[in-house]
Amino acid sequence: MDPAWKAMHATREWGRWPSEEIVAALCRAWRPDARRNVRLLDLGCGAGAVTWFAAYEGWTVTGVDGSDEAVLRCRYRLAQDNLLDRATAETLDFTGPFPWADATFDGVIDNLSLCHNPLPAMISTLAEIRRVLKPGGLLVARAFGPGTARESLGDVGTVTFTTAVDWRRMLTDWTSLDICTAVVDRPLPIERLTITARCPGPVALSHPPADRHLVSV
C-alpha cells in the first residue's frame, strides 16, 4: 500500500458515501431478496463507505484496507448501525496474495483503489480477484482515466491512469464486460471509468488459502 494513503487515513476520513456507480451496479446485479447469501469483497474499503452500504442493504461483506486507521473507522461505523453480523473490516495489503480459497466471493468491489498502485500490481491483483471470485461472479471497479489532471487529485501518492482499451486487455476473457467513462470539471478535469465484468471461471486454479492472515485491529 502506498504510504500516502496511510498518512491520509490517519488525519482525515476519506469517502463517507458510496458512489452512484457502485450502488447502481450492485443493485442491478442482486434484488433485495437475493442478497443475504451473497458474499462481497470490498478492496481498499477505507473508512467503509461501500462496506457499510452493502451490509446495510443486505449483502454479506468483507472489507479490507492496508491502513489500520481506516479499518478502525470502518469497524466503528459498522458497529454504530449493528452491522457487524453482516460485515467485517480487516487490515490487508491486497496487492499480495489473498488469504482466501478459490471461488470464495460472489462479487468484488474496487472503488478507486487498484488504480493507486503501479500497473504490474494492478494486473497481479486482478489475477487474485479472478481466483477468489466464483465463476460468473461480478467485478465492479472504478479507475481514473488519462483525461484526469493529476493535480486535481491532490497528494494521493501513486496513480495509474488507464483507458477502456487497457481494461479490455486486462480482462480479455471475462464476460459481460462493460466500461463507462465520465469526465467532471471541478475546475480541473477528472476522468473516471466504471468497469463491470463477470468472472469467466478458473483457468488452473487450485490454490488453498495463502499463508498470510488478515490483521484485526
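Of the residues 143, 121, which single one is over 22 Å from residue 30 (Cα atoms), assigned to a strand (DSSP E or B) and among the hydrophobic types (A, V, I, L, M, F, W, C)? Steps first, answer last, please.
Working: 121 fails: assigned to a strand (DSSP E or B).
From the options 143, 121, the qualifying one is 143.
Let's see how each residue does on (1) surrounded by fewer than 21 Cβ atoms within 10 Å (Cβ to Cβ); (2) among the acidic types (Asp, Glu); (3) under 27 Å from residue 55 (Cβ atoms); (4) in contact with a helix residue (DSSP H, G or I) (Cβ under 8 Å, 6 or more places away or on another chain):
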site	(1), (2), (3), (4)
102	yes, yes, yes, yes
108	no, no, yes, yes
175	yes, no, no, no
188	yes, no, no, yes
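For residue 84, indicate whether it is touching a strand residue (DSSP E or B) at 6+ places or on another chain (Cβ under 6 Å) and either closer than 19 Å to residue 140 by Cβ or assigned to a loop (DSSP other than H, G, I, E, B) (or both). Reasoning before the result, please.
Values: touching a strand residue (DSSP E or B) at 6+ places or on another chain (Cβ under 6 Å): no; either closer than 19 Å to residue 140 by Cβ or assigned to a loop (DSSP other than H, G, I, E, B) (or both): yes.
For residue 84, the condition - touching a strand residue (DSSP E or B) at 6+ places or on another chain (Cβ under 6 Å) and either closer than 19 Å to residue 140 by Cβ or assigned to a loop (DSSP other than H, G, I, E, B) (or both) - is not met.
Would it be correct to say that residue 46 is touching a strand residue (DSSP E or B) at 6+ places or on another chain (Cβ under 8 Å), within 23 Å of residue 157 (Cα to Cα), crowded, with 18+ Cβ neighbours inside 10 Å and modelled with pLDDT under 95?
Details: touching a strand residue (DSSP E or B) at 6+ places or on another chain (Cβ under 8 Å): yes; within 23 Å of residue 157 (Cα to Cα): yes; crowded, with 18+ Cβ neighbours inside 10 Å: yes; modelled with pLDDT under 95: yes.
Yes, satisfied.
Could you please find all residues in segment 32-46 being touching a residue at least 60 places away in the same chain (Cβ under 8 Å) and either of a type in the set (D, E, K, R) or closer than 17 Å to residue 85 by Cα (or both)?
38, 39, 40, 41, 42
So residue 64 ticks every box in (1) assigned to a helix (DSSP H, G or I); (2) closer than 19 Å to residue 141 by Cβ; (3) not small (Gly, Ala, Ser) but one. Which box is left unticked?
It is condition (1) that residue 64 fails.
Here is a check on your reading of the model: is residue 24 over 22 Å from residue 116 (Cβ atoms), in contact with a Lys or Arg (Cβ under 8 Å, 6 or more places away or on another chain) and either assigned to a strand (DSSP E or B) or aliphatic (A, V, I, L, M) (or both)? Full working, then the answer.
Values: over 22 Å from residue 116 (Cβ atoms): yes; in contact with a Lys or Arg (Cβ under 8 Å, 6 or more places away or on another chain): no; either assigned to a strand (DSSP E or B) or aliphatic (A, V, I, L, M) (or both): yes.
Against the criterion (over 22 Å from residue 116 (Cβ atoms), in contact with a Lys or Arg (Cβ under 8 Å, 6 or more places away or on another chain) and either assigned to a strand (DSSP E or B) or aliphatic (A, V, I, L, M) (or both)), residue 24 does not qualify.
The values are calculated or read from the model by the stated rules, or taken from the named source; none is laboratory data. The model shown is predicted, which means the values in this text are computed figures rather than measured ones. All Cβ positions, even for glycine, are placed from backbone atoms using ideal geometry, and neighbour counts span all protein chains on display.
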